[in-house]
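To start, the structure itself, in C-alpha cells.
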Amino acid sequence: MPLNSPMSDLISKPVDQKGELFVIATPIGNKDDITLRALRILAEVDLIAAEDTRHTGKLLSYHKIKGHYISYHEHNESEQTLNLIKKLKAGASIALVSNAGTPSVSDPGYRLVKEALANEIRVTPVPGVSAAISALSVAGLPTDSFIFIGFPPPKKNKRLKQLKELADQPRTIIFYESPRRILTLLQEVLLTMGDRYCVLSREMTKLHEEFIRGFISEIIRQLDQRASIKGECTLLVKGCAENETVSMETIRSELIQLLKLKEKRLSEISREVAQKYNLSSKSVYTEALKIKNDYSL
C-alpha cells in the first residue's frame with residue numbers, strides 16, 4: 001500500500017517534522033500470528049529496530065517483505081536508543097520489534113519508548129500476540145484480575161523474597177521462565193505458596209504446543225520424568241484469596257470425588273486439599289476420614 005493511501009498509518013510529513021515510532025507485536029511461534037496492519041507498516045517504515053535482525057528477517061521474508069534493519073537489544077540498548085531518537089527527530093519512521101510478542105513487555109524497548117515520549121515523538125502501538133494473555137485465555141483460571149510478573153529475578157534470594165511477597169496475592173499470577181529454570185521456579189513456588197493449582201504453557205502456537213494443568217507437585221513429577229524440557233514457558237499460578245470463601249460443601253464434594261478415584265492415600269488427598277484452600281491439614285484429614293467411613297470408600 002502506498003504511503004499516501006488514506007488507509008496508511010504513515011502520512012507524508014514536512015521535512016522538519018518528527019517521525020513516528022511504531023511498537024509492533026510479532027508472533028510468539030506461528031509465523032501467521034501477525035496482523036495485516038503490522039505487516040503493512042513493517043513494509044512501509046524507513047527502519048526496523050529488531051532484537052535479532054536475522055530472526056526478524058526470516059519472519060518478514062516468509063511474508064515477502066523486505067526491510068531495512070538495525071540491531072536493538074539489551075546489550076546495545078543505551079547506545080542505539082540515542083541513535084534511533086536522532087533518526088526519529090529527523091523525520092524517520094521506525095518500527096520496534098522483539099523476537100516474539102510485544103516489545104518492552106519483558107523484552108527490549110522500554111528505554112526507547114520513554115526517550116521518544118520525552119522528546120515529544122509520537123509512539124503508536126500495533127497490537128498483536130502476547131504470551132501472557134494467550135496463556136491466560138485458555139488457562140481456566142480467573143481472568144477478571146491478574147498480576148503479570150514476567151521473568152522472576154535470576155538471584156535465588158531475590159526470587160524467594162518476591163515469591164513470598166506474592167503468596168497472599170488474590171489474583172492469578174503470571175510468570176515467564178526459560179525451560180532451563182522452570183523446574184527450579186516450580187519448586188520454589190511450591191515451597192513459598194504451597195501446592196497451588198497451576199497451568200504451565202510451553203511452545204505456545206508451535207507444533208509441540210503443550211498445556212500442563214494440575215497442582216504444582218503433579219507438574220513437577222511430570223517434568224522430572226522427562227529427559228529435557230524445551231521451549232519458553234509461561235506459568236500461571238492460582239491466587240489465594242479465592243480459596244478463603246470456599247464452603248465446607250465444596251470441600252466435602254472434592255474429597256468425595258478424590259476418594260472415589262482411589263489413586264492416592266487419604267493423607268495425600270487431605271494434604272493437597274488443605275494446601276489448595278489454605279486450610280488446616282488436620283481438619284481436612286478429619287473430614288476426609290469421616291467421609292471415607294460414612295461412604296465406605
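Structure data summary
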{"item": "Residues located in the range 162-182, provided they are surrounded by 13 or more Cβ atoms within 10 Å (Cβ to Cβ) and either β-branched (V, I, T) or free of Cβ contacts under 8 Å to residues at least 12 places away in the same chain (or both)", "result": "T172, I173, I174, R181, I182"}
{"item": "Test set (1) loosely packed, with under 15 Cβ neighbours inside 10 Å; (2) acidic (D, E); (3) farther than 30 Å from E177 by Cβ - D46 fails condition number", "result": "(1)"}
{"item": "When residues of the range 270-286 are limited to those that are exposed (fewer than 14 other Cβ atoms within 10 Å of the Cβ) and among the hydroxyl-bearing types (S, T, Y), the one nearest to R213 (Cα to Cα)", "result": "S280"}
{"item": "Number of positions in the range 167-185 that are modelled with pLDDT of 95 or more and either over 18 Å from the mean Cα position of the chain (by Cα) or part of a helix (DSSP H, G or I) (or both)", "result": "4"}
{"item": "Out of L255, L279, sole residue that is among the aliphatic types (A, V, I, L, M) and out of contact with any Lys or Arg (no Cβ under 9 Å at 6 or more places or on another chain)", "result": "L279"}
{"item": "Those residues of the range 41-58 which are closer than 19 Å to V123 by Cβ and either outside the structural domain of L88 (by TED's automatic domain parsing) or in a helix (DSSP H, G or I) (or both), in sequence order", "result": "I41, L42, E44"}
{"item": "Sole residue being of a type in the set (A, V, I, L, M, F, W, C), in the same structural domain as P154 (by TED's automatic domain parsing) and crowded, with 18+ Cβ neighbours inside 10 Å, chosen from L191, L207, L185", "result": "L185"}
{"item": "Test result for K158, in the same structural domain as Y72 (by TED's automatic domain parsing), without any contact (Cβ under 8 Å) to a residue 60 or more places away in the chain and either surrounded by fewer than 16 Cβ atoms within 10 Å (Cβ to Cβ) or of a type outside the set (G, A, S) (or both)", "result": "no"}
{"item": "Check on K64, surrounded by fewer than 16 Cβ atoms within 10 Å (Cβ to Cβ), closer than 21 Å to L207 by Cα and of a type in the set (K, R)", "result": "no"}
{"item": "Entirely in the range 60-153, the strands (runs of 3 or more DSSP E) that have 2 or more residues that are assigned by TED's automatic domain parsing to the domain that holds G29 and more than 24 Å from T234 (Cβ to Cβ)", "result": "69-71, 93-97, 122-126"}
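The values are calculated or read from the model by the stated rules, or taken from the named source; none is laboratory data. In this text the structure is predicted, and so the values were computed from the model without any measurement. Cβ coordinates were reconstructed from backbone atoms using ideal geometry, including for glycine residues, and neighbour counts include every protein chain displayed.
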